[in-house]
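Student: There's a structure below that I have some questions on.
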Amino acid sequence: MRQGAGWLSLGLLLCGFRAAQTTLDPAADQAAQSDVVWRTMLAVCGLMYLLVMAFLAWALLKASRRRAEVPPAVGHTAAEPALERGLAGWGALILAGLVGLTTVSFLVDRTLAEVGRDPLKIKVTANQWWWQADYEGATPSEQFSTANELHLPVNRTAVIELHAGDVIHSFWAPNLGGKEDLIPGRTNYLRLTPRRTGVFRAQCAEFCGLQHAKMALTITVDRPADFEAWRRHQLGTPPAPSNAEAQAGQHLFHTRACVMCHRVGGTDAGATVGPDLSHIASRPTLAAGTLPNTPEALAGWITDPQGLKPGASMPKVSLSGPELSAVVAYLETLK
Ligand SMILES: [Cu+2]
């Protein structure tokens with residue numbers, strides 16, 4: 001059974017959700033800046049490496065020729081002007097390279113500290129092993145929570161306030177920017193200014209326990225109008241289920257343990273121990289990238305969260321077959 005669930009999740013992972021996750025294809029200013037540092041370092045260090053290797057080859061060649069011609073010299077007594085000049089040049093080259101690298105990283109660091117006008121403010125809290133995202137707004141009615149996914153508008157800086165609920169985690173969206181730790185009792189900030197729309201994968205980058213690898217976050221960069229539509233949708237509460245099965249599912253959700261940990265907007269379910277499920281059906285993945293968000297995977301997750309993500313803070317809640325279908329039917333209405 002356990003093994004079956006393992007194979008199931010592997011299969012789902014392989015054929016399911018895939019998104020870009022690479023530092024080599026920057027899609028935001030911050031990642032582009034890091035890319036400049038990386039390319040400069042690669043060029044400077046690569047050039048130095050090639051030069052060292054060339055000199056080494058030259059010296060070896062010269063030494064082997066000399067050995068054939070004359071008996072080995074007894075110590076280096078006489079100074080060789082050419083050698084001295086060469087060494088001075090080499091020192092100057094190293095100094096120039098190091099100064100260049102320092103300047104580039106200093107300038108990049110300064111640019112990274114800049115914030116554009118009217119930044120979008122998001123609070124992200126990392127928990128073992130999922131991400132809570134709270135979008136700030138001018139008034140409480142403009143605020144909402146979601147989990148394991150972020151939407152960002154293109155060409156606008158997002159200032160992400162980072163918190164941790166338990167242990168140290170690290171926020172890393174390689175295509176968008178560098179890593180930043182989420183530390184209990186401390187607030188860190190990360191700025192991202194996406195320049196290209198698309199779906200990008202972020203991953204916890206600080207070992208935070210058993211399921212650290214299954215702690216991903218999907219970041220969708222939208223055109224401003226699409227972002228606004230998504231935001232409006234998230235602000236709304238899902239409509240009450242209309243068919244009998246989903247209604248039964250909602251009743252089960254409220255009478256079984258689910259309600260003790262999850263929130264669903266517009267209902268009595270208001271717990272924040274686990275992810276906000278108000279719009280769970282519209283999210284790309286389940287359980288922080290563990291599974292693609294399909295009805296089958298959802299049923300699998302509710303049936304055996306501990307088999308799919310051992311150690312996760314969601315217990316197995318026993319439900320009969322029809323009860324499970326009803327709960328899944330209900331959750332599928334939470335678009
Ligand atoms: Cu983590």
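Student: Given 4 °C and 1.567 mPa s, compute D for region 247-335 with the Stokes-Einstein relation, Rh being the Kirkwood radius over Cα pairs; round to the nearest whole µm²/s.
Tutor: Diffusion coefficient, whole number: 100 µm²/s.
Student: Accessible surface of V99 in the full protein assembly, 1.4 angstrom probe, to the nearest 10 Å²?
Tutor: So the heavy atoms of V99 present about 80 Å² to solvent.
Student: Would you give the gap between the C-alpha center of region 187-260 and the C-alpha center of region 111-175, rounded to a whole Å?
Tutor: A separation of 12 Å, based on Cα centres.
Student: For the chain, what % of the accessible area comes from carbon and sulfur atoms, probe 1.4 Å?
Tutor: Heavy-atom surface of the chain belonging to carbon and sulfur, 1.4 Å probe: 62 percent.
Student: Also, I was wondering about something else. In terms of solvent-accessible area of protein heavy atoms at a 1.4 angstrom probe, what is the ranking of I94, I160, highest value first?
Tutor: Output order, biggest surface exposure first: I94, I160.
Student: Can you list residues whose amide H is under 5 Å from S170's amide H, if they're 5+ apart or on another chain and H is modeled 1.01 Å from N?
Tutor: L182, A205, E206
Student: Also, quick follow-up: Quick one: compute the contact order of the chain, relative version, from alpha carbon pairs under 8 angstrom and 6+ residues apart, as a percent.
Tutor: About 19 percent, as a whole number.
Student: Using the Kirkwood radius built from alpha carbon pairs, what does the Stokes-Einstein equation give as D for the chain at 4 °C and 1.567 mPa s, in µm² per second?
Tutor: Rounded, D is 55 µm²/s.
Student: Then there's this: Run the dipole for the chain about the Cα centre, Lys and Arg Cβ at +1, Asp and Glu Cβ at -1, nothing else charged, and hand back the magnitude in debye, nearest 20.
Tutor: Rounded to the nearest 20 debye, it is 860 debye.
Student: Taking the solvent-accessible surface of protein heavy atoms with a 1.4 Å probe, what is the per residue accessible area of the chain in Å²?
Tutor: Counting only protein heavy atoms, the per-residue value for the chain is 54 Å².
Student: Let me ask something else. Which one, E80, E323, E142, has the greatest fluctuation when you compute a Gaussian network model over the chain with C-alpha springs under 10 angstrom?
Tutor: With Cα springs under 10 Å in the chain, the top fluctuation among E80, E323, E142 is at E80.
Student: Rounded to the nearest 5, what is the percent of antiparallel bridges among the DSSP beta bridges in the chain?
Tutor: Antiparallel bridges make up about 70 percent of those DSSP assigns within the chain.
The values are calculated or read from the model by the stated rules, or taken from the named source; none is laboratory data. What you are looking at is a predicted structure, and each value in this text was computed from that prediction instead of being measured. All Cβ positions, even for glycine, are placed from backbone atoms using ideal geometry, and neighbour counts span all protein chains on display. Side chains included, ligands, DNA and RNA excluded: accessible areas come from the protein's heavy atoms. Shrake-Rupley method; radii C 1.70, N 1.55, O 1.52, S 1.80 Å.
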